[in-house]
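Engineer: Have a look at this one before I ask anything.
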């Protein structure tokens, strides 16, 4: 018996784990991303989540909202929006902000169902969000837990885009005024005269972010952001902000 166990151990040693079918589709959809392709040729998914708390170790996803951009045009009809039933139904301090009460969430679908549908819906799109590291921290944590690995989609952060845009404006002499600016989604939208949407609603925040994203793409570098590679480079602040 020990010999059999040893042979079996050698047989399976180093054998790669089987990829979940959902994540295999995600990998395939994201493969071969062409950074030289004009932005209008890419599909973007602008997303937002509502959370039970901001700690990626303890918080839960309560809602996912997203809208698609095709041809550098927002497609409101191509949207994704779902509440999520958490495992812990107790209200938290965040409930006062997003107003998602245990009563409003108790009949919502579970996260495995919502997240699987969202990942398939995204396909190979480039993901966009405001401080997207927070959203992706939660989404990837749960994707790894439920499906074995995180999303393969590349990401763009409108917060970093906004910081880079402000520091390159003519009045940004030596970065002297930058520490007085707010980079919240609502402040940026107000400052640039963008449409206003209800706060702390995942789909509404995704729409708000989509307008900000398109504004920044057109304004940064005098409108000379043409390709995805241009966008990667343009979103990097020069003075080490955020």
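The values are calculated or read from the model by the stated rules, or taken from the named source; none is laboratory data. Values in this document were obtained by computation on a predicted structure and should not be read as measured data. When we count neighbours, we look across all protein chains shown, and the Cβ atoms used for this are built from the backbone with ideal geometry, even at glycine.
Engineer: If I ask for residues that are within 11 Å of residue 165 (Cβ to Cβ), within 20 Å of the chain's Cα centre (by Cα) and buried (at least 20 other Cβ atoms within 10 Å of the Cβ), which ones from the range 209-230 would you list?
Structural biologist: Within the range 209-230, 212, 216, 217 qualify.
Engineer: Out of all the residues in the range 104-116, is one or more modelled with pLDDT of 95 or more and either more than 25 Å from residue 145 (Cα to Cα) or in a strand (DSSP E or B) (or both)?
Structural biologist: yes
Engineer: Only one of 144, 168 is surrounded by fewer than 20 Cβ atoms within 10 Å (Cβ to Cβ) and either at pLDDT 95 or above or under 22 Å from residue 54 (Cα atoms) (or both); which?
Structural biologist: Of the residues listed, the single one that is surrounded by fewer than 20 Cβ atoms within 10 Å (Cβ to Cβ) and either at pLDDT 95 or above or under 22 Å from residue 54 (Cα atoms) (or both) is 144.
Engineer: Here's another thing I want to ask about it. Cβ-Cβ distance below 7 Å, separation of 6 or more or different chains: which pairs start in the range 203-215 with a residue that is in contact (Cβ under 8 Å) with a residue 40 or more places away in the chain and on the phi < 0 side of the Ramachandran plot and end on one that is buried (at least 24 other Cβ atoms within 10 Å of the Cβ) and in a helix (DSSP H, G or I)?
Structural biologist: Every condition considered, the pairs that remain are 209/158; 212/158; 212/188; 213/158.
Let's see how each residue does on (1) over 22 Å from residue 198 (Cβ atoms); (2) loosely packed, with under 15 Cβ neighbours inside 10 Å; (3) at pLDDT below 90:
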site: 40; (1), (2), (3): yes, yes, no
site: 48; (1), (2), (3): no, no, no
site: 64; (1), (2), (3): no, no, no
site: 67; (1), (2), (3): no, no, no
site: 72; (1), (2), (3): yes, no, no
site: 84; (1), (2), (3): no, no, no
site: 93; (1), (2), (3): no, yes, yes
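Engineer: Scan the range 194-231 for residues that are at pLDDT below 90 and in a helix (DSSP H, G or I) and jot them down.
Structural biologist: 220, 221, 222, 223
Engineer: In the range 171-185, which residues are surrounded by fewer than 16 Cβ atoms within 10 Å (Cβ to Cβ), part of a helix (DSSP H, G or I) and either at pLDDT 90 or above or touching a helix residue (DSSP H, G or I) at 6+ places or on another chain (Cβ under 8 Å) (or both)?
Structural biologist: Matches in the range 171-185: 175 only.
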